Each structure stands twice: as C-alpha cells, then as structure tokens.
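Read the structure below first, then the notes.
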Amino acid sequence: MTGVLVKTCLLGALAFTLLHSAEAQCEHVEVTQQFPGKYQADFVAIAPTDIEALDLDLTFNIPVDQIEYFAGGATKKDDYTFNLFSQNVKAKEGEQVKASFMVHYSHHMPFVIHEVINGVEICDTTATTPAPMPNPCAETGMMPYDYSQLLCMSFVFYEAQRSGPLPVDQRVTWRGDSALDDGSDNSEDLTGGYYDAGDHVKFGFPMAFTATMLAWGLIDFKDGYEAAGQMEYGEAALKWATDYFLKAHTAKDEFYGQVGAGGPDHSYWGRPEDMTMDRPSFKIDEPHAGTELAAETAAALAGASMVFNESDPTYAATMLNVAKELYDFADNFRETYDNSIPDAKDYYHSWSGYGDELVWGALWLARATGDDAYLDRARDRWNEFDLLAEDVKQFSWDDKRAGVFELFILLDGSEEFSTQLLKYLDFLKNKADYTPEGLVFLDQWGSNRHAANVAFITLWAAKNGIDKEANVEWARGQVGQLLGDNSRYEMSFVVGYGEKYPERPHHRSSSCPTPPETCDGALTNPDPNPHVLYGALVGGPAASGDYTDSRQDFQHNEVACDYNAAYTGALAALIEISLDTIN
C-alpha cells in the first residue's frame with residue numbers, strides 16, 4: 001500500500017509539472033513565475049539565422065495588456081501580438097537566443113501560439129486544438145474503487161470553483177483570476193471564496209457548511225487524508241473558504257454573507273473571468289441579523305481552528321476568536337438569515353430554522369475550545385427549540401441534527417443522543433426510500449449529495465464503535481452507488497472518474513471553450529463540456545432511478561461545493577477502512 005501511495009504523490013507532482021510547463025503552447029516559452037494578473041517567462045530558442053539585433057514577434061491566444069522586456073523594448077502591434085527588440089542580443093545561426101519578459105493580463109492567463117524571430121517563423125500552433133487538461137490525480141490501484149484518486153480529484157473540483165486571484169499552484173489551468181472587484185460596492189475586499197455551484201454567486205450559508213464538513217473530515221478521518229497524500233490539498237481547500245470568511249467579518253456583529261445576485265447571475269451563461277454584471281454584496285448586522293449564517297460560519301471557523309492548530313497556531317487562534325464573536329452575534333441577535341439577505345431566499349432558504357445551527361455552532365466551539373460553557377449552551381439551545389418535533393430525514397446545509405447527535409455523543413457520551421442516532425441510522429437502512437438501483441433517496445434535489453452526506457454520518461458512527469460492520473457495509477454501498485454500482489447505468493456520477501461518467505454537468509465555466517472562442521450556445525450544445533470538471537459529484541438520479549447526462553437538466557446534473565463536502569470526508573473514511581483491512 002505504501003508503494004502505491006508514494007506512486008500517487010510522484011505522479012501527481014509530475015502531472016502538475018507537465019500542466020504548468022504546457023501553459024505556453026509554443027515550446028520555446030517557459031513560464032518561470034506566476035503572480036496575480038501577470039507571469040514571467042523565458043523565451044529560449046536556437047537562432048534560425050544570424051541575428052545582429054533581436055526582432056521577436058510573439059502572438060498570444062487571448063488579448064494581453066502589456067509586456068515588459070527586461071533586456072530591451074516591447075511594442076504592441078495589436079491586442080494579441082507584441083514585438084520584442086534589443087540591439088544587445090546577437091547570435092550566430094545555430095546558437096541559443098534567450099529573452100526574459102513579463103506578461104500582464106486582465107482575465108485568463110494567455111499563452112504564446114505564434115513566434116517569428118528576425119523574419120523567420122519558428123512556431124505556429126494556431127492550426128491545432130489545445131490538448132485538454134489531463135487528470136492531475138493518478139490512479140493508485142485501490143479496489144474496488146480508487147478512493148485515494150477520488151479524494152485527490154475532489155480537491156481539484158474545489159480549485160475549479162475558486163473565485164478571486166488564483167495561486168501559482170492552481171492545477172485547473174482553464175480557470176483564471178475572476179471577480180476581483182467583489183465587495184467594492186461597499187468599499188470592502190470580498191475577493192476569494194468559492195462559487196457555489198454551476199453559477200457564480202458566492203452564497204455564504206452553504207459555503208460555511210462546506211467548510212465545516214471539510215474540517216470535520218480532516219479532523220476525524222485524518223489518517224485517510226494522510227495515507228492518500230491529500231492532507232495539504234485538504235487544508236488548502238478549507239483555507240480558501242476560511243480566508244474569505246475572515247475578510248467577510250468586517251466588524252463586530254457584521255458579516256457579509258453573499259456576493260452576487262441570483263437573478264442576474266443565473267441569466268448569464270459564461271466564464272466567471274468574463275462577467276460584467278453588477279455583483280452586489282449583502283451583509284448581516286445587528287439591525288438585520290442572520291442567525292443560521294453566523295452560527296454555521298462560527299462552526300466552520302471553530303472546526304478549521306482545530307485543523308490548523310499545530311501547523312499555524314496564529315491563524316487558528318484568529319479563526320477561533322472570530323468564531324466566538326460570530327456565535328455570540330448569532331445567539332444574541334436572532335433572525336432568520338434570508339430575511340436579512342432576501343436574495344438568498346429562492347436558493348438557500350432556511351427551512352429548518354436556526355435552532356439546529358445554534359446547537360451545532362455551540363458544539364463545534366465546545367470541541368475546539370474544550371470549554372464546557374459552550375456545551376451547556378448547546379444543551380440549552382437543544383431544549384429551547386424542540387428540535388425533535390419533526391423526524392430527522394436528512395443531514396445537509398439546512399438540517400444539522402444528525403451531526404448534532406454525533407457531536408453530543410463525542411463530547412459528553414450522552415445516552416439520549418446515542419438513542420437518537422441509532423434511531424436515525426435504523427431509519428436510513430430500513431425505512432427510507434431507495435431508487436431501484438439501491439441509492440438511499442432523501443430528496444429530489446441532489447440525491448447523490450444526500451446519500452454521501454449520510455454515508456459520512458454512518459462512517460463516523462462506525463469509527464466510533466457504533467455497529468461498525470453493518471454501518472461500514474451500508475455506507476460503502478452508498479458510496480459505491482455514486483461510483484458505478486448502479487446496475488441500470490453502470491456509470492460513475494463523479495465527473496472524470498471511471499470509464500463512463502457525466503460529460504455535460506450543469507456548470508458554466510467548464511462548458512465554455514478555451515478563449516478566444518465565445519461561450520455563446522454552450523448551455524444547449526449537445527457535445528460534452530470542453531473541460532472535464534474532474535472530481536465533481538453531480539446531482540444524481542430521480543426517485544425512479546432515471547438520470548440523463550444533460551447540461552440543461554440542472555436538477556439532476558448540477559454540481560455544488562456542498563455536494564462534495566461530506567462526500568470528501570466519506571472517501572477519507574473509506575481509505576482508513578481499506579488500510580485497516582490490509583493491515
């Protein structure tokens with residue numbers, strides 16, 4: 001097993017190198033450093049003729065703002081072509097010529113597609129189609145499903161969802177910097193964070209749940225992450241969200257919970273790099289509170305503080321302090337969050353109310369701080385809100401009760417909550433609806449997501465000694481439904497995994513071709529998405545088991561950050577179980 005994991009890391013590093021060395025398509029240009037909105041590159045070629053003074057034309061695939069040539073001058077011929085010249089660069093035919101330069105751009109990262117040096121054409125890739133981005137995640141040979149590769153791929157999906165200036169180590173090469181003015185309507189810097197789904201709104205409530213679940217997986221299934229070599233990527237995915245949350249906490253009792261308006265955003269089908277619509281930012285504050293949003297973000301930051309406590313204690317302490325402030329804000333000023341941010345109501349309305357978030361947030365703070373006062377607050381809020389008045393069916397961004405059972409069990413060993421958890425697990429196995437193929441069916445929206453969420457709950461119970469064999473078997477079966485066990489289609493519902501998988505996810509940026517081609521008609525294009533959205537879990541089948549790989553069927557074929565969150569932790573849990581089996 002160790003050899004397989006080493007192979008995974010080495011091949012992953014090689015794939016990363018190949019991806020980034022291929023960004024400048026003409027082989028003579030190599031990107032050496034990348035920064036937000038610019039990159040440094042070296043042109044190295046063999047002189048095709050005697051050169052008394054360098055005269056080099058470089059043509060890019062998309063418009064370039066400016067080029068700085070360090071050993072001479074650069075003249076803009078048009079938006080795509082620049083001339084680099086220098087009296088000091090001389091070479092005989094057959095000798096090496098080198099020029100270092102800086103490329104400045106506004107949106108996508110441009111690459112060189114045509115080169116002419118002193119009148120001689122040495123590269124022209126305009127007649128060829130750029131090769132699609134390969135899967136950065138190598139196979140490991142794990143059977144029956146490659147949970148380690150899938151865990152890696154899930155974090156590639158999160159990179160595809162990133163908003164703001166992208167880092168140098170970004171693996172999804174068809175994405176670029178975007179939404180760099182977010183928050184400017186309120187004189188705030190709200191860049192960063194994640195686009196929610198196939199659209200480009202940053203909805204804070206589900207993003208916070210996503211971060212909480214990523215943190216939970218990193219904490220309680222850490223061995224699985226480490227065995228797969230994915231701890232660093234997991235922390236990076238979590239930090240991309242928590243960095244944004246810290247920015248969004250602009251003052252005491254003030255938090256920005258959404259950027260972008262649903263209507264204008266959903267009417268736009270295009271790349272996030274090309275957006276021109278207004279992106280208003282919406283906040284909660286004391287007069288317009290938002291209990292679910294503040295409490296869930298407190299849970300996310302508290303959980304993340306545990307993840308980073310050893311590697312970055314200063315960052316962890318900052319997050320924990322903000323988590324405490326946000327929880328007090330949530331508890332002291334109570335209001336349903338989508339009353340204060342009405343634009344969220346049509347997309348992420350809080351159907352369950354805010355009682356479960358107040359319990360959930362207090363439990364995460366109790367776990368992160370070790371302070372029993374938070375545990376007492378969690379018990380008080382549980383009793384206050386009569387949270388068992390309705391049966392527990394799901395575990396999701398809206399309803400945290402199944403997770404609450406487990407945190408209470410972890411923190412105080414409560415027999416009351418052990419009984420409730422056992423009742424819920426029995427419901428899942430024996431009373432819930434299933435598709436004909438065997439997927440537990442808890443909701444028509446994101447059926448795969450709901451199955452993955454409760455698989456996580458079940459695997460956590462198994463790890464903590466609750467009916468281990470039966471719970472592992474059931475959860476493995478549910479994850480298997482996502483990965484290819486479904487008898488009717490014999491396909492994976494994870495984009496890019498297996499021999500057959502969804503090729504047309506409802507996802508704007510991956511459906512758009514490489515610039516300069518436009519995204520016009522991409523929604524209704526019958527062909528597969530030009531870019532493979534590696535690692536994304538699509539919505540999944542209807543109650544009947546019916547599923548069509550159609551970009552226009554957003555109910556069953558959209559992807560979302562929260563779809564992958566508990567699923568990611570479930571994969572790490574199954575890796576741990578596989579290791580236990582081998583050992």
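Of the peptides 532-543, 182-193, 45-56, the ranking by mean beta-carbon count within 10 Å, highest at the top, reads 532-543, 182-193, 45-56. Entry note, the chain: relative contact order of 13 percent, from Cα contacts under 8 Å with a spacing of 6+ residues. Could you tell me which of 114, 96, 530 has its Cα farthest along the dipole of the chain towards the positive end, charges placed at Cβ (Lys, Arg +1; Asp, Glu -1), taken about the Cα centre? My answer, from the dipole projection, is 96. Dividing the summed -39500 (n - 2.57) terms of all DSSP H runs of n ≥ 4 by the residue count of the chain sets its mean residue ellipticity at 222 nm at -13500 deg cm²/dmol. Figure note: 243, 169, 181 ranked by solvent-accessible area, largest first, 1.4 Å probe, ligands and nucleic acids not counted: 181, 169, 243.
Within a straight-line Cα-Cα reach of under 20 Å, residue 239 can be paired with the following lysines, leaving aside sequence neighbours fewer than 8 residues apart in one chain: 202, 222, 247, 324. A Cβ-based charge dipole, computed about the Cα centre of segment 157-283 with Lys and Arg at +1 and Asp and Glu at -1, lands at about 120 debye.
For segment 159-206, the Cβ-based charge dipole about the Cα centre amounts to some 260 debye (Lys, Arg positive; Asp, Glu negative; other atoms uncharged). Between the beta carbons of residue 169 and residue 470, assuming R0 = 51 Å, the FRET efficiency works out to 0.75 to the nearest 0.05. Extension gain for residue 429-residue 310 works out to 39.0 nm (0.36 nm per residue, less the C-alpha to C-alpha distance). Only aspartates and glutamates eight or more places from residue 429 in sequence, or on another chain, were considered; those with a Cα closer than 13 Å are 467, 473. Charge dipole of the chain (Cα centre as origin; +1 on each Lys and Arg Cβ, -1 on each Asp and Glu Cβ, all else neutral): 700 debye, rounded to the nearest 20. Highest mean packing comes first when the peptides 133-145, 470-482 are listed by Cβ atoms within 10 Å, giving 470-482, 133-145. Label separation (residue 70 vs residue 373): 5.6 nm, computed from points 7 Å beyond Cα along the C-beta direction.
Straight-distance candidates among the lysines for linking to residue 38, with alpha-carbon spacing under 18 Å and chain neighbours fewer than 8 residues away dropped: 76. Most tightly packed first, judged by the mean number of other beta-carbon atoms within 10 Å of their residues, the peptides 334-345, 250-261 read 250-261, 334-345.
The values are calculated or read from the model by the stated rules, or taken from the named source; none is laboratory data. All values reported here derive from a predicted model rather than from experimental measurement. Reconstructed Cβ throughout: ideal geometry from the backbone, glycine too, with neighbour counts over all protein chains shown. All accessible areas refer to the heavy atoms of the entire protein, side chains included, with ligands and DNA or RNA removed. Shrake-Rupley method; radii C 1.70, N 1.55, O 1.52, S 1.80 Å.
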